[in-house]
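Here's the structure, in structure tokens; my notes come after.
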Amino acid sequence: MLSPQELRLFRKFKHRKFRQESNWFVAEGKKLCLDIWKYRPDWIEKIYLHEESEKELKKEFPPAKVCIVQSKELKEITQTMHSQGILALCRKQMKPIPESMRTLSFYLCGIQDPGNVGTIIRTCAWFGITDIFCSSDTADFYHPKVIQASMGAFMYCHLHTINLQDLLNKKIFNTCVRALSLIHI
């Protein structure tokens with residue numbers, strides 16, 4: 001059973017401003033929640049299981065982390081049309097922008113579709129790109145659709161939101177990368 005505070009919290013996650021200001025994000029789906037639990041268990045604050053999924057999934061998580069929810073409650077807290085009956089409330093892992101960059105990084109500017117942002121994160125992770133930067137007019141990294149589309153790849157990347165000019169002013173990139181970035185503009 002969810003408390004009124006938890007219901008309010010999940011309603012707020014539907015708003016970009018709250019997701020950006022919050023230290024939390026929501027991950028939905030069986031595979032995604034199991035992967036976070038397997039590879040980053042310290043990120044998970046609580047797992048919310050639908051009463052029908054309880055028998056199958058409850059044994060995967062410690063009882064102290066699990067909250068069983070009813071169908072009505074699940075409809076209120078889920079962000080997807082067809083929920084798999086499991087979601088996790090997770091802590092964001094905020095990494096500061098590095099002082100210098102010697103590895104390949106990626107900058108996203110103006111990409112509005114959260115599914116595309118998640119796919120780009122997944123592709124970057126596959127290529128070993130660990131730092132991904134985006135402008136404020138790009139879809140939020142912690143939008144539920146971005147988290148789902150990344151298929152867990154967000155766990156292996158450092159996600160930063162910063163204006164391109166501010167990023168270039170930090171002079172963290174070597175001159176070759178900086179020149180390429182300026183040509184792209």
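The values are calculated or read from the model by the stated rules, or taken from the named source; none is laboratory data. These numbers come from a predicted model, not from an experiment. Every residue, glycine as well, gets a Cβ built from its backbone with ideal geometry; the counts of neighbours run over all protein chains shown. To get the accessible areas, we keep the full protein, side chains included, count just its heavy atoms, and leave off ligands, DNA and RNA. Shrake-Rupley method; radii C 1.70, N 1.55, O 1.52, S 1.80 Å.
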> Taking only C-alpha pairs under 8 Å that are 6+ residues apart, what is the relative contact order of the chain in percent?
Replying inline: 23 percent
>> Just to confirm, what accessible area per residue do you get for the chain at 1.4 Å probe, in whole Å²?
In response: 58 Å²
> Can you work out ³J(HN,Hα) from phi for every residue in the stretch 39-51, in order, using Karplus 6.51 cos²θ - 1.76 cosθ + 1.60 and θ = phi - 60°, giving whole Hz and x for Gly and Pro?
Replying inline: 9, 9, x, 5, 6, 7, 8, 7, 10, 10, 10, 5, 4
>> Please report the carbon-and-sulfur percent of the accessible area for the chain; probe 1.4 Å, protein heavy atoms only, DNA, RNA and ligands left out.
In response: 54 percent
>> If DNA, RNA and ligands are ignored and the probe is 1.4 Å, what is the ranking of 37, 126, 43 by accessible area, most exposed first?
In response: 126, 37, 43
>> Rounded, prolate or oblate, given the Cα gyration tensor of the stretch 1-92, with a/c below 1.5 counting as rounded?
In response: oblate
> Counting Lys +1, Arg +1, Asp -1, Glu -1, what net charge surrounds residue 46 among other residues with beta carbon under 12 Å of its beta carbon?
Replying inline: 0
>> Can you give me the long-range amide H partners of residue 101? Hydrogens built in the peptide plane at 1.01 Å from N, cutoff under 5 Å, separation of 5 or more residues or another chain.
In response: 173, 174
> How many nm separate the modelled label positions at residue 94 and residue 15, each set 7 Å beyond the Cα in the direction of the Cβ?
Replying inline: 1.9 nm
>> To check my understanding: the extent here is largest minus smallest coordinate of the Cα atoms along each principal axis. What are those three numbers for the chain, in Å, largest first?
In response: 56, 28, 24
> How much net charge surrounds residue 113 when only the other residues with a Cβ under 13 Å from the Cβ of residue 113 are counted, with Lys and Arg +1 and Asp and Glu -1?
Replying inline: -1
> Taking 0.36 nm per intervening residue step and subtracting the Cα-Cα distance, what contour gain separates residue 1 from residue 23 on full extension?
Replying inline: 5.6 nm
> Once every DSSP H run of n ≥ 4 in the chain is given -39500 (n - 2.57) and the sum is divided by its residues, what mean residue ellipticity at 222 nm do you get, rounded to the nearest 500 deg cm²/dmol?
Replying inline: -10000 deg cm²/dmol
> Expressed in nm to one decimal, what extension gain is obtained for the pair residue 35 and residue 127 from 0.36 nm per residue of sequence separation less their Cα-Cα distance?
Replying inline: 31.2 nm
> Sequence-distant or interchain residues sharing an amide H contact under 5 Å with residue 24, placed H: which?
Replying inline: 92
> What does the charge count near residue 97 come to, summing +1 for each Lys or Arg and -1 for each Asp or Glu among other residues with Cβ under 11 Å from its Cβ?
Replying inline: -1
>> What is the angle, in °, between the Cα long axis of helix 175-184 and the longest principal axis of the Cα atoms in the chain? Nearest 10 is fine, range 0 to 90.
In response: 80 degrees
> How do 11, 91 stack up against each other in accessible area, from largest to smallest, with a 1.4 angstrom probe?
Replying inline: 11, 91
> When the solvent-accessible surface of protein heavy atoms is calculated with a 1.4 angstrom probe, in what order do 101, 94, 81 fall, highest first?
Replying inline: 81, 94, 101
>> Could you give each residue of the stretch 126-137 its phi-based ³J(HN,Hα) in whole Hz, using Karplus coefficients 6.51, -1.76, 1.60 with θ = phi - 60°, and x for Gly or Pro?
In response: 4, 7, x, 7, 9, 10, 10, 10, 8, 7, 6, 8
